[in-house]
Every structure is written in C-alpha cells, then in structure tokens.
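Structure record follows, encoded as structure tokens.
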Amino acid sequence: MTDRPLISVPVAGLHAPDLAQLRAAVSRFSQLPGVDKTATPETTAPTLDLAIPEHRTALLRWLNSWGCRIRYPRDGETDLFDAGIRDWAARWAGAIVPAEVTLARLTHEDITLLGEYYADLANLTVGTPVRPRSLGPTAAAKTLYRLRPRTFMPWDDAIANSLHGARDAVAFMAHQRLGRGWARRLLDESGLDERALASALGSEGRSLPKLLDDYCYMRFTRGEFAL
C-alpha cells in the first residue's frame, strides 16, 4: 500500500505528551494491579471478522473484560448485541479504514467517515428485549479500537469529557485528530517508526493508539500524578 500523505495539523500543546511524559505514563500503567501490558489486541488477538458468530461472542466477552457491563442473554433470550453488531458490520464493511492505516496517517476523509459509523455503532441496541440499552460511546470506541488497534485511540467517559467536553461523534472525531497530532509529534521527536518507538518505551508490539490511551487514562481517568 502506498503511504498516505501526512497532513499538518495543530496539536493541543496543553495536553500533548512528550516522550518523557509518555514513558512515565506507560510505565505507571503497566504497574497497575491486574494489568498485563502484553495482553492487548495488537499483540495477542486475531483479526476480528464480525460476520462470524464466534467472533461477535469474543468481542462481547472482550468488551465486558474492559468493564463495559453488557448483559449476556440467558437461554431463550434474543441476543440484541449479536444481531446489532452483525448488521452494523454488514452496513459498514466497505467503509472502515483498512487495518494497515495507522493513527498518524489517518486522513481528513477517514476521520469524517469515522464519525458516521461511530455514531451508528454507539446507538446500537444491545442487551436483551427485556433490558435493552445502547452500546454507548465507551464501548463503541473500544470496539473500533479492537477492530483497528493501530488506527483508533479509545477513550472512557473521563477522557472524553476532560479533553472534549462531550462523548458524541463530533467529539470522537476530534479525539482521533488529537491523537493523530500527538502521534506525529512523538514520531518526529523520537525519529523512530511506531514499532521502534513502542520497543523503546518497553512496550514491544503494542500500538501507539494504546500507548496514548495509557497516557490519557493515567492523566485524566486516574489523575494519579501530574505529567
């Protein structure tokens, strides 16, 4: 695949991590109880094919392991998550950015289209007919990260509201633009490619979107130390 041209964009300097700050956040994240920094989709999981029922089941289990609390159906109950994710994947199969496109190389067009399929995903009805709910912004962001771990930066409520003051599609698009700017700055500062940068940070094989999410989690969700 031909490399996509990099587009110069402004970076939010107030929040942008430099290499030392990213290293500190990634190191601290790896020390949290129960965290296995190697157990991430980019290092351990196969590519999801959401046309396959077992892959949809695996996605649901993975989301709940990340705290999304989506109710599993009991015997005889309709599985709204399974049907919704299947239909969403069919609607957007040709639109989601290819897996080889990294966060730093997202284009304006990529991010604009992302807003459409993120909004559709976040609004999916999941759970069961007795207790339906929307998938929601956090689970939608994590789903897209699970599908494209080198492309999309996930978030949680605290990160979304701290950085963007909202959790809607416009805010999620802004989050990817922000992450793209951070990624380009860090790659320029280090003079390394993404894989070499992860290795230099002691996170062999992990993606830059996840390392940046570690930074956001430590700074905005936990607020454990000033970076």
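The values are calculated or read from the model by the stated rules, or taken from the named source; none is laboratory data. This structure is a prediction, so every number in the text was calculated from the model and none was measured. Because the Cβ atoms are built from the backbone with ideal geometry, glycine has one as well, and the counts that use them run over all protein chains shown. When the accessible area is computed, the model is the full protein with side chains, heavy atoms only, and any ligands, DNA or RNA have been set aside. Shrake-Rupley method; radii C 1.70, N 1.55, O 1.52, S 1.80 Å.
Need pairs with beta-carbon distance below 7 Å; first residue modelled with pLDDT of 95 or more and within region 171-199, second among the basic types (Lys, Arg) and part of a helix (DSSP H, G or I); sequence gap 6+ or separate chains.
Cβ pairs passing all conditions: none.
Restricting region 42-61 to residues that are hydrophobic (A, V, I, L, M, F, W, C) and in contact with a helix residue (DSSP H, G or I) (Cβ under 6 Å, 6 or more places away or on another chain), which is nearest to Ser134 (Cα to Cα)?
Leu60
Of all residues in region 169-220 being of a type in the set (Ser, Thr, Tyr) and open to solvent by 50 Å² or more (accessible area, probe 1.4 Å), which is nearest to Glu109 (Cα to Cα)?
First pass over region 169-220, keeping only residues of a type in the set (Ser, Thr, Tyr): 190, 199, 203, 207, 215, 217.
This time we only want the ones that are open to solvent by 50 Å² or more (accessible area, probe 1.4 Å), so: 199, 217.
Working: Ser199: 30, Tyr217: 28 Å.
So the residue we want is Tyr217.
Just one of (1) in contact with a Phe, Trp or Tyr (Cβ under 7 Å, 6 or more places away or on another chain); (2) over 30 Å from Asp75 (Cβ atoms) trips up Leu124, so point out which.
Of the numbered conditions (1) in contact with a Phe, Trp or Tyr (Cβ under 7 Å, 6 or more places away or on another chain); (2) over 30 Å from Asp75 (Cβ atoms), the odd one out for Leu124 is (2).
Given Asp193, Asp168, which one is at negative phi and over 16 Å from the mean Cα position of the chain (by Cα)?
Just a single option satisfies the conditions, and that option is Asp193.
Restricting attention to helices (runs of 4 or more DSSP H) lying wholly within region 49-134, give those where 2 or more residues are open to solvent by less than 60 Å² (accessible area, probe 1.4 Å) and small (Gly, Ala, Ser). Give the steps one after another, and end with the answer.
Details: elements: 53-65, 80-92, 108-122.
Output list reads 80-92, 108-122.
Out of region 144-156, which residues are more than 17 Å from Met218 (Cα to Cα), in contact with a Phe, Trp or Tyr (Cβ under 9 Å, 6 or more places away or on another chain) and either open to solvent by 10 Å² or more (accessible area, probe 1.4 Å) or among the polar types (S, T, N, Q) (or both)? Steps first, please.
Residues of region 144-156 more than 17 Å from Met218 (Cα to Cα): 144-152.
Going one step further and asking which of them are in contact with a Phe, Trp or Tyr (Cβ under 9 Å, 6 or more places away or on another chain), we end up with 144-146, 151-152.
Correct list: Arg146, Thr151.
Any idea which residue in region 157-168 is least open to solvent (accessible area, probe 1.4 Å), counting only those that are more than 18 Å from Ala183 (Cα to Cα) and in contact with a Phe, Trp or Tyr (Cβ under 7 Å, 6 or more places away or on another chain)?
Applying the filter and picking the extreme gives Ala158.
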